[in-house]
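Quick note: the coordinates plus some simple rules give every number you see, no bench work behind them. Remember, it's a predicted structure, so these values are computed and weren't measured experimentally. Every residue, glycine among them, receives a Cβ derived from its backbone with ideal geometry; neighbour counts consider all protein chains shown.
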Amino acid sequence: MAVLSVLRDVLRKAGVVYKTAPMQVVDRLEQAEFVPDRPVAKHAVGLVAHLAYGTTAGAVFGALRRKREGVGTELAVGTALGVLLWGIAWAGWLPILGADRAPWNYHSPNVLLPVLDHAVYGTAWGLIFWAFTPRRS
């Protein structure tokens, strides 16, 4: 999850991504008066929510894996799961909450950047899963 957060910050600072999905969710929470209109509070809530979501998703992915395979397989599985997580969020609960538009409503290639960062997240997850899960026969 930290890998994805760092990548998003780099993309934001480079001017490629202006508002990430977690920032948009916090904006919606602010509009509903669940989060105070203070930059530090909004940043903290966004960071905690993002880390909690990514960590929970990673734990669920880990629980669903029956056994550890080779590093290449785990990297591929992790990448696929990361992209799946993007699809569930962007085509599912983010538009439902009104935090973002569905990806097919965008007319910019920037819509592909979240796919990239979720693929990076998934790849990192696959590597961590491979490194820390004992191989079972």
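In which sequence would 104, 93, 125, 130 go, from the one with the fewest C-beta neighbours within 10 Å to the one with the most?
The fewest-first ordering by Cβ neighbours comes to 104, 93, 130, 125.
Along the charge dipole of the chain, pointing to its positive end and built from +1/-1 on Cβ of Lys, Arg, Asp and Glu, which listed residue (72, 119, 83) has its Cα farthest out?
The listed residue farthest towards the positive side: 72.
What does the charge dipole of the range 50-137 about its Cα centre add up to, to the nearest 20 debye, if the Cβ of each Lys and Arg holds +1 and the Cβ of each Asp and Glu holds -1?
In debye, rounded to 20, the range 50-137 gives about 440.
Return 50, 107 ranked ascending by Cβ neighbour count within 10 Å, so the fewest neighbours appear first.
If I rank by nearby Cβ atoms, fewest first, I get 107, 50.
Given N residues in the chain, what is its alpha carbon radius of gyration divided by 2.2 N^0.38 Å?
Against the compact-globule rule of thumb, the ratio is 1.12.
Quick check: residue separation of residue 106 and residue 33 times 0.36 nm, minus the Cα distance between them. What number comes out in nm?
23.5 nm
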